[in-house]
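Student: The structure is given below, and queries will be raised subsequently.
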Amino acid sequence: PLDYSIDYYEIDKLFPSSTDKLRVCSHERLGGYPVGGFWDRQLILSRIASVKGPKKILVTIREQKSWILSMWKQSIADGSDLSLSEFMRVNEFRGLRRDPEFDYTQCDHLKLYDALVKLFGIQNVLFLPVEMLQLDSDDFFSRLNQFIGVAIEARPVDLSLRNSSKGNLYLVLQRQIN
């Protein structure tokens, strides 16, 4: 249960300072919900910005074709019955965006970068491609170490261990059920 006597925006009360520890908060949803059109992105980012204390923002971005396919598969799991081509069809309505839908502007990482720089400052924002972890982990960790000022040992990363998606039969059946 939440302790309502703690101001959760004062992170130091939750995580006492230590000289040998780096506080890290990581979650794929910290940038908003992609299948829902990132409707909550600005709210989440402004809440992170309002937390007291220094912050560094690392965003790992994924190759766009596999990311779009993954978003479509997630939309099926979330209740959509759209085909991939229907999912990718540009939707002109941009009201309350809670239904699973695709928006090409979601692939505009520069828009997210600009928003993060505005909130946190250019020196506190770093974008790296997630594929760099596997293709050149030394470079990935070198850039990360320089960014955060803490030495993290580089080690090979096997991206084949990432979350596996449901098979094609699941997608066909789930679309019919939805």
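Student: Return yes or no: is residue 140 aromatic (Phe, Trp, Tyr), over 23 Å from residue 64 (Cβ atoms), in a helix (DSSP H, G or I) and modelled with pLDDT of 90 or more? Full working, then the answer.
Tutor: Numbers: aromatic (Phe, Trp, Tyr): yes; over 23 Å from residue 64 (Cβ atoms): no; in a helix (DSSP H, G or I): yes; modelled with pLDDT of 90 or more: yes.
Spelling it out, it is not the case that residue 140 is aromatic (Phe, Trp, Tyr), over 23 Å from residue 64 (Cβ atoms), in a helix (DSSP H, G or I) and modelled with pLDDT of 90 or more.
Student: Only one of (1) within 14 Å of the chain's Cα centre (by Cα); (2) in contact (Cβ under 8 Å) with a residue 24 or more places away in the chain; (3) on the phi > 0 side of the Ramachandran plot is not met by residue 53, so which one is it?
Tutor: Exception for residue 53: condition (1).
Yes/no per residue for (1) at pLDDT below 75; (2) on the phi > 0 side of the Ramachandran plot; (3) in contact with a Ser or Thr (Cβ under 6 Å, 6 or more places away or on another chain); (4) in a loop (DSSP other than H, G, I, E, B):
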{"site": "12", "(1), (2), (3), (4)": "yes, no, no, no"}
{"site": "24", "(1), (2), (3), (4)": "yes, no, no, yes"}
{"site": "35", "(1), (2), (3), (4)": "yes, no, yes, no"}
{"site": "60", "(1), (2), (3), (4)": "no, no, no, no"}
{"site": "71", "(1), (2), (3), (4)": "no, no, no, no"}
{"site": "79", "(1), (2), (3), (4)": "no, yes, no, yes"}
{"site": "91", "(1), (2), (3), (4)": "yes, no, no, yes"}
{"site": "101", "(1), (2), (3), (4)": "yes, no, no, yes"}
{"site": "113", "(1), (2), (3), (4)": "no, no, no, no"}
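Student: Let me ask something additional. Taking into account only those residues within the range 160-178 that are exposed (fewer than 10 other Cβ atoms within 10 Å of the Cβ) and under 22 Å from residue 135 (Cβ atoms), which is modelled with the lowest pLDDT? Lay out the reasoning, then the answer.
Tutor: Residues of the range 160-178 exposed (fewer than 10 other Cβ atoms within 10 Å of the Cβ): 160-161, 163-164, 167-169, 176-177.
Now narrow it down to the ones that are under 22 Å from residue 135 (Cβ atoms): 160-161, 163-164.
On the way: 160: 66, 161: 57, 163: 63, 164: 67.
For the range 160-178, the residue satisfying everything is 161.
Student: From the set of residues in the range 141-159 that are among the aliphatic types (A, V, I, L, M), within 27 Å of residue 51 (Cβ to Cβ) and within 19 Å of the chain's Cα centre (by Cα), which is surrounded by the fewest Cβ atoms within 10 Å (Cβ to Cβ)? Please lay out each step first, then the result.
Tutor: Step one: filter the range 141-159 for residues among the aliphatic types (A, V, I, L, M), giving 144, 148, 150-152, 154, 157, 159.
Next, only the ones that are within 27 Å of residue 51 (Cβ to Cβ) stay: 144, 148, 150-152.
Going one step further and asking which of them are within 19 Å of the chain's Cα centre (by Cα), we end up with 144, 148.
Values: 144: 20, 148: 15.
By that ranking, first place goes to 148.
Student: What is the residue count in the range 112-140 for residues that are more than 27 Å from residue 46 (Cα to Cα), open to solvent by 70 Å² or more (accessible area, probe 1.4 Å) and of a type in the set (A, V, I, L, M)?
Tutor: The number of residues fulfilling the criteria is 1.
Student: May I ask you to list pairs of residues, at least six apart or on different chains, whose Cβ atoms are under 7 Å apart, with the first in the range 164-178 being within 14 Å of residue 84 (Cα to Cα) and in contact (Cβ under 8 Å) with a residue 40 or more places away in the chain and the second being of a type in the set (Asp, Glu) and open to solvent by less than 100 Å² (accessible area, probe 1.4 Å)?
Tutor: Pairs found: 175/81.
The values are calculated or read from the model by the stated rules, or taken from the named source; none is laboratory data. The shown structure was predicted, so the numbers you read here are calculated from the model rather than taken from an experiment. Glycine gets a Cβ as well: all are built from the backbone with ideal geometry, and neighbour counts include every protein chain shown. The accessibility values were calculated without ligands, DNA or RNA, using every heavy atom of the protein model including side chains. Shrake-Rupley method; radii C 1.70, N 1.55, O 1.52, S 1.80 Å.
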